[in-house]
Each structure stands twice: as structure tokens, then as C-alpha cells.
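> Right, I'll just put the structure down here and ask away after.
Bear in mind these aren't lab numbers, they're just calculated from the coordinates by the rules spelled out. Here the structure is a predicted model, which means the values were calculated and not measured. We place every Cβ from the backbone using ideal geometry, glycine too, and count neighbours over all the protein chains shown.
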Amino acid sequence: MKIKNWREDKEYLAYVGQLLETQEVQKLEEFVQHHHSTRLEHSINVSYTSYKLAKLFKGNARATARAGLLHDLFFYDWRNTKFEAGSHAYMHPRIALKNAEKLTSISLLEADIIVKHMWGATLAFPKYKESYIVTFVDKYWAVKEVLTPFRARMTNAFSTQSV
């Protein structure tokens with residue numbers, strides 16, 4: 001039987017279930033992430049997709065799932081909050097790591113995944129393949145979450161035109 005979504009994946013839930021139940025992770029539902037998704041939806045999308053890829057590439061699926069879920073664990077609107085110490089792209093992974101460390105024990109691999117997931121927008125090169133997985137999956141979901149409503153409107157517009 002093929003697993004269709006993360007809610008049906010017992011292994012995935014064994015890795016992240018307790019984290020998903022925390023008030024801190026649930027609070028991510030209150031923040032818009034990429035215009036058409038909440039930060040919680042985005043984090044679960046990144047986490048589950050990254051977990052599946054880590055399994056495919058024989059990486060550490062547990063660390064990838066956990067760090068993917070926690071990679072954007074910050075509680076401010078990134079469009080409005082500015083930092084003197086650096087850009088949002090630089091600051092939020094470090095804030096997310098500090099917040100994650102308050103919730104659970106974080107391995108060196110998980111810390112690298114969280115802090116380096118903005119590689120490309122920052123100069124911090126990922127050290128592990130799992131970090132690259134989350135980095136690229138994060139970008140994929142960011143683009144998809146922004147473009148999905150536009151794509152739906154375009155599909156609808158073209159499908160309603162007479163031929």
C-alpha cells in the first residue's frame with residue numbers, strides 16, 4: 001500500500017509526532033509564510049518531502065524529518081521584522097535553532113540542517129547531504145506555495161476559454 005500523505009506514515013510520525021504536538025510548533029499555524037501557506041504547512045511540507053528524499057538517498061531520515069520541521073521555528077512576520085545583526089535569511093535559521101534547542105535535544109546534523117537551510121541566500125555551505133536536501137526542498141516548496149494560486153488561476157482561465 002502506497003502512503004499518500006504524512007499523516008499516514010507511521011515512521012515519519014514516530015520521528016516528528018511529539019514535536020508536532022508542542023505549542024511552539026503549533027503556533028507556526030498563526031504565521032503566513034509564502035503568501036498562501038502558513039509556516040506550519042510549509043514546515044511540514046519541507047519536513048516530509050525531505051524525509052522521503054533522505055530515505056531514497058540513504059541519509060538520516062530521522063534527523064532530516066526533525067530538522068525539516070524545525071527549520072523555520074521563529075515567531076515573527078519576516079516581512080516586517082528587521083535585524084541590525086543581519087538579514088532575515090541570515091538571522092532566522094539561528095533563531096530557529098535556538099528555539100528548537102529549547103524544545104528537544106538537537107544533534108550536530110540537525111543543527112547544520114537548520115542553520116544552513118538558507119544556503120544560496122547566505123554563504124554558509126551545508127556540511128551534510130541531509131542539509132542539502134532540506135535546502136533544496138525548502139526552495140522548492142517556497143516557490144510552489146507562492147505560485148500555486150497563480151497556477152490554479154491560469155489553469156482555470158485556459159480551461160474556460162472556448163476552442
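> Out of residues 5 or more away from Gln33 or on other chains, whose amide H comes under 5 Å of its own, with H placed 1.01 Å from N in the peptide plane?
Thr38, Arg39
> Related question: With an 8 Å Cα cut-off and a minimum separation of 6 or more residues, compute the relative contact order for the chain in percent. The partial results should precede the final answer.
Working: 204 pairs, mean separation 34.8, N = 163.
Answer for the chain is 21 percent.
> Next question. Could you line up His92, His35, His117 from fewest to most neighbouring Cβ atoms inside 10 Å?
Working: His92 23, His35 12, His117 31.
Going from sparsest to densest Cβ surroundings: His35, His92, His117.
> Most fluctuating residue of Thr81, Thr49, Thr122 in a GNM of the chain with Cα springs under 10 Å: which is it?
Thr81
> Follow-up question, since we're still on this one. Rounded to the nearest 0.05, what FRET efficiency do Glu21 and Leu147 give with R0 = 22 Å and r taken as the Cβ-Cβ distance? Could you check? Walk me through the intermediate numbers first.
Numbers: r = 31 Å, r/R0 = 1.42.
According to the calculation, E is roughly 0.10.
> Ok, one more. Once Lys and Arg get +1 and Asp and Glu get -1 on their Cβ, which of Pro93, Thr22, Leu56 lies farthest toward the positive end of the dipole of the chain?
Among Pro93, Thr22, Leu56, the one farthest towards the positive end of the dipole of the chain is Leu56.
> Going through region 9-79, which trypsin sites (Lys or Arg not before Pro) have at most 12 other Cβ atoms within 10 Å and a DSSP loop state? Present the calculation step by step, with values, prior to reporting the outcome.
On the way: sites: Lys10, Lys27, Arg39, Lys52, Lys55, Lys58, Arg62, Arg66, Arg79; in loops: Lys58, Arg79.
Filter output for region 9-79: Lys58, Arg79.
> Please work out the FRET efficiency for the pair Phe75 and Lys127, using the Cβ-Cβ distance as r and a Förster radius of 22 Å; give the result to the nearest 0.05. Present the calculation step by step, with values, prior to reporting the outcome.
On the way: r = 27 Å, r/R0 = 1.23.
The computed FRET efficiency comes out at 0.25.
> Looking at the chain, what % of the alpha carbon pairs are farther apart than 29 Å? Can you show the working numbers first?
Values: 2546 of 13203 pairs.
So the pairs more than 29 Å apart make up 19 percent of the total in the chain.
> Using the basic label-point model (7 angstrom from Cα toward the beta carbon), what is the Thr38 to Leu108 distance in nanometres?
If labels sit at Thr38 and Leu108, their model points lie 3.7 nm apart.
> Over the Cα atoms, compute the radius of gyration (one decimal) and Dmax (the largest Cα-Cα distance, rounded to a whole number) for region 88-135, in Å.
Final numbers for Rg and Dmax: 10.0, 28 Å.
> For the chain, with only Lys/Arg (+1) and Asp/Glu (-1) charged at the beta-carbon, what is the dipole magnitude about the Cα centre, in debye rounded to 20? Spell out each step's value before the answer.
Working: 23 positive and 17 negative charges, 102 e Å.
Dipole of the chain, to the nearest 20 debye: 480 debye.
> Straight-line reach from Lys55: which lysines fall under 22 Å, measuring Cα to Cα and dropping same-chain residues less than 8 apart?
Once the sequence-local lysines are set aside, what remains near Lys55 is Lys2, Lys4, Lys10, Lys116, Lys127, Lys129, Lys139.
> Moving to a separate point now. Could you grab the Rg to Rh ratio for region 33-125? Cα atoms only, Kirkwood for Rh.
0.96
> Right, next: Quickly estimate the mean residue ellipticity at 222 nm for the chain, helices only: each DSSP H run with n ≥ 4 gives -39500 (n - 2.57), and the total goes over all residues, rounded to 500. Before the final figure, lay out each step's value.
Details: 7 runs with 100 residues, N = 163.
The per-residue figure over the chain is -20000 deg cm²/dmol.
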